[in-house]
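Here's the structure, in structure tokens; my notes come after.
Just so you know, all these numbers are worked out from the coordinates, no wet-lab data involved. Computed from a predicted structure; not experimentally measured. Every residue, glycine among them, receives a Cβ derived from its backbone with ideal geometry; neighbour counts consider all protein chains shown.
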Amino acid sequence: MKALIVDDEPLARRELRRLLTAHPSIQIVGEAGDIDEAQERIQSLSPGLVFLDIQMPGGTGFELLAQLAWVPRIIFTTAYDRYAVKAFDVNALDYLLKPIEPERLAAALAKLHAMPPASRRETQEDSPLEQLFVRDGPRCWFIPLREVSVFSAEGNYVRLQWGRERPLLGRSLAALESKLDPQRFFRANRQQIINLEAISNIDLGLGGQLHAQLNDGSEIRISRRQARQFRQRTTV
Amino acid sequence: MTHSRPAVATRVAYWTLQLAGWGLYFWAQASGEVIFADVPWSKSAALWGGFCAGGFGLTHLLSRTIKHRRWFSLPPRALIIRMLIAIALLASTLDLITVVLSLVIYQSPVAAIIGAFYRKLPLSGQLINQFVNSFVVTLIWVGLYLGLVAQRHRYEEQLQKAELAQLLHAAELRLLKAQLNPHFLFNALNGVRALIPEEPSRAQDAVTQLSRTLRYTLASSEDELVSLARELEMVNDYLSLEGLRLGNRLTIVRDIASEATQARVPVMLIQTLIENAIKHGIAEIKQGGTLRIEAQVLGAELIVRITNPRPTNAAVADSQGTGLKNSAERLRLLFGNRASLRLDLSREGQATAEVHLPA
């Protein structure tokens with residue numbers, strides 16, 4: 001698996017490189033010292049795995065993830081950041097504490113190999129987004145997009161309706177829409193995009209509108225303009 | 001309104017004592033009067049019922065007054081004077097109640113039981129003893145009340161002391177953690193681990209520097225003064241370790257006047273400012289920058305100036321604010337207004353911390 005090391009400290013990168021020599025299945029394809037470099041390398045090298053430091057000059061590892069169009073597998077590395085570590089523990093994200101223990105690294109990599117490999121499709125620029133990294137206050141998640149039922153615009157941000165969670169994403173609805181799978185997601189009105197697979201029932205509304213009942217109990221209005229398209233899409 | 005457990009317990013104790021005390025006193029006096037003065041129950045019960053009801057109400061009124069007017073936060077003299085006046089008023093009122101009720105019930109100013117007990121005394125002597133009776137009852141009530149309140153205060157004080165000790169411990173622990181600077185510590189250890197296989201002698205130096213830094217930090221106390229030369233040794237060890245981490249992103253320029261090196265400075269003060277300059281300045285900038293440390297003696301003053309670049313769009317971090325505030329507070333406690341600490345952020349992309357100390 002191709003891996004990228006992101007850390008602002010040259011010595012820390014050197015140490016991780018050395019530790020990874022014990023794991024020939026991991027092929028280090030590059031390094032980055034800040035998040036701009038990292039973003040560029042992730043796009044050009046499309047690694048399947050990124051070792052990501054949190055505290056870096058110019059922006060944190062979390063900020064990098066929030067900017068990425070698609071997110072490879074992530075193993076966080078940090079020396080001491082009790083807030084981040086708490087977030088990792090709460091959300092079962094993989095992390096290594098520096099100095100990294102070889103056993104912990106082996107365990108993290110074993111866990112990685114046990115997971116299904118990231119699909120090839122994911123690594124292509126123009127393919128639709130499959131998962132999103134979202135950080136809202138002290139909490140953070142990798143959210144599989146097919147589990148999100150509604151995206152609602154809130155100013156320049158987007159509120160996700162994901163199970164019982166309502167995290168806020170730092171992008172605009174329009175920017176997100178271009179990245180979503182058009183087969184699965186549908187623009188219901190000016191404010192909202194819905195997941196077609198989350199719809200349980202459709203009711204007729206006034207003036208040609210539709211009301212979509214979702215599995216999670218919420219009801220979304222499909223505007224008159226979009227309702228026509230919706231009928232074309234769904235009545236095959 | 002919520003009450004703490006001891007407050008509820010004290011209230012229950014108060015009402016129990018109040019009811020039981022006056023009830024028992026009523027029983028003793030009323031039955032005594034029937035036996036010794038040979039009067040009907042109805043008369044003695046009316047007299048002592050009235051007395052005890054009056055006593056119950058008046059003493060309760062006194063306890064409310066003590067509480068609301070906060071008598072227990074008064075100085076002892078003021079408390080004693082108020083207490084004596086209250087005792088005199090209470091005893092007189094109780095005596096007046098006895099006289100009036102006795103006049104109505106027995107057509108004599110003296111209660112039947114007093115008359116029976118002190119029948120050999122003239123009426124004036126009986127009246128005096130009747131007053132003494134009210135006075136003693138009042139004194140017993142005040143004594144019990146003060147005892148109960150004192151006990152409660154002692155209990156609360158102990159509780160507060162325990163709480164305070166706990167807070168103090170927590171604060172000490174926080175301070176220690178901040179002094180040890182765990183982020184720096186673990187990053188330095190990680191750097192040492194990387195150096196061991198390839199540059200063992202640099203790794204050895206780093207371990208020495210790290211242990212010296214730790215020892216200096218752990219040995220220092222708030223009010224200790226050291227020579228600037230000693231403090232700068234620590235700063236140099238620390239900067240070498242940060243150099244490992246930051247590589248060529250960190251450049252250091254020192255301009256230390258020789259007469260400044262023997263000046264006394266609060267231990268860890270300069271170190272704290274240097275840490276701030278790295279943590280919130282150079283470490284936050286991708287290409288790094290130059291840390292400038294200057295010290296000079298001007299007249300009777302030592303001036304230490306630390307200049308570093310800082311990210312242009314960043315606000316002053318909270319931790320930086322509290323760190324500086326703590327340092328400034330420490331200087332104020334040690335030197336009053338003869339020392340000062342100022343952080344100058346007026347120039348875009350640059351921070352200058354300046355300390356003035358009596359040389």
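Which of A:K98, B:K177 comes first, and how do the rest follow, when ranked by fewest Cβ neighbours within 10 Å?
Working: A:K98 22, B:K177 11.
Least crowded to most crowded, the residues run B:K177, A:K98.
Multiplying the residue separation of B:S221 and B:L79 by 0.36 nm and subtracting their alpha-carbon distance yields 46.8 nm.
With 29 Å as the limit, write out which pairs from A:K2/B:K286; A:K2/B:K279; A:K86/B:K286; A:K111/B:K279 have Cα-Cα distances beyond it, or answer none. Walk me through the intermediate numbers first.
Values: A:K2/B:K286 26 Å; A:K2/B:K279 33 Å; A:K86/B:K286 27 Å; A:K111/B:K279 34 Å.
Check vs 29 Å cut-off fails for A:K2/B:K279; A:K111/B:K279.
Taking the charge dipole of the stretch A:131-234 about its Cα centre, with +1 at Lys and Arg Cβ atoms and -1 at Asp and Glu Cβ atoms, the residue from A:N189, A:L132, A:I202 reaching farthest to the positive side is A:N189.
What is the sum of charges, Lys and Arg at +1 and Asp and Glu at -1, for the other residues whose Cβ falls under 14 Å from the Cβ of A:L204?
Values: positive: A:R221, A:R224, A:R228, A:R231; negative: A:D203, A:E219.
Around A:L204, the surrounding residues sum to +2.
Legend: calculated FRET efficiency, B:R174 to A:L196, from the Cβ-Cβ distance at R0 = 56 Å, rounded to 0.05, equals 0.60. Among B:S63, A:S44, B:S44, a tally of other beta-carbon atoms within 10 Å of each Cβ gives an order, fewest to most, of A:S44, B:S63, B:S44. Coupling constants for the stretch A:154-167 follow from the phi torsions by the Karplus curve (6.51 cos²θ - 1.76 cosθ + 1.60, θ = phi - 60°), and in residue order they are 10, x, 8, 10, 10, 9, 8, 10, 10, x, 8, 8, 10, x Hz; glycine and proline get x. Return the percentage of antiparallel bridges among DSSP beta bridges fully within chain B, rounded to the nearest 5 %. So the antiparallel bridges amount to about 75 percent of the total.
Helix A:102-114 and the long axis of chain A differ in direction by around 30°, with both axes built from C-alpha atoms.
When the Cα positions of B:L24, B:W41, B:S108 are compared along the charge dipole of the stretch B:1-130, B:L24 comes out farthest toward the positive end, with charges on each C-beta of Lys, Arg, Asp and Glu. Under the convention that each Lys and Arg Cβ holds +1 and each Asp and Glu Cβ holds -1, the size of the dipole of chain B around its Cα centre is about 1060 debye. Centre-to-centre, using Cα atoms only, the stretch A:3-72 and the stretch B:214-274 are separated by 34 Å.
Note the full-extension length gain between B:W15 and B:L61 as 0.36 nm times their separation in residues minus their Cα-Cα distance, in nm to one decimal. Present the calculation step by step, with values, prior to reporting the outcome.
Working: separation 46, 0.36 × 46 = 16.56 nm, distance 1.31 nm.
Extending this stretch completely gives an extra 15.2 nm.
Each Cα pair under 8 Å and six or more residues apart adds its sequence gap; the mean of these over the residue count of chain B is a relative contact order of 10 percent. Between helix A:10-20 and chain A there is an angle of about 90 degrees, using the helix long axis and the longest principal axis of the Cα atoms. Here B:H280, B:H153 are placed in order of increasing Cβ neighbour count within 10 Å, fewest first, which gives B:H153, B:H280.
Considering only DSSP beta bridges with both partners in the protein assembly as shown, what is the antiparallel share in %, to the nearest 5? Intermediate results must be reported in sequence, preceding the final value.
Values: 54 of 78 bridges.
Antiparallel: roughly 70 percent of the beta bridges in the protein assembly as shown.
If you take all other residues with their beta carbon under 13 Å from the beta carbon of B:Q126, and give Lys and Arg +1 and Asp and Glu -1, the sum is +1.
So what is the relative contact order of chain A, in percent, for Cα pairs below 8 Å that sit 6 or more residues apart?
11 percent
Modelled spin labels at A:D136 and B:R332, positioned 7 Å past Cα toward Cβ, are 4.2 nm from each other. With R₀ fixed at 56 Å, the C-beta to C-beta distance from A:H211 to A:S25 puts the FRET efficiency at about 0.65.
Taking the Cβ-Cβ separation of B:A88 and B:D38 as r and a Förster radius of 51 Å, what is the calculated FRET efficiency to the nearest 0.05? Working shown, then result.
Working: r = 34 Å, r/R0 = 0.67.
Efficiency for this residue pair is about 0.90.
For chain B, return all DSSP H helices satisfying: extent of Cα atoms along own axis at least 27 Å; mean Kyte-Doolittle hydropathy at least -1.0. Span-like helices here: B:5-37, B:41-68, B:76-106, B:123-180, B:200-219. A simple count of charges around B:M268, restricted to other residues whose Cβ falls under 12 Å of its Cβ and scoring Lys, Arg +1 and Asp, Glu -1, yields -3.
Within the stretch B:182-358, what percent of beta bridges assigned by DSSP are antiparallel, to the nearest 5?
Numbers: 24 of 31 bridges.
In the stretch B:182-358, DSSP labels about 75 percent of beta bridges as antiparallel.
Sticking with the crude label model, points 7 Å out along Cα→Cβ, report the distance from B:T208 to A:R82 in nm, one decimal please. The answer from the label model is 3.4 nm. Relative to the longest principal axis of the Cα atoms of chain A, helix A:224-234 runs at roughly 70 degrees.
Based on the alpha-carbon gyration tensor of the stretch A:131-234 and its eigenvalue square roots a ≥ b ≥ c, which shape applies: rounded if a/c is under 1.5, prolate if not and a/b is larger than b/c, or oblate?
On the way: a/c = 1.97, a/b = 1.76, b/c = 1.12.
Cα axes put the stretch A:131-234 in the prolate bin.
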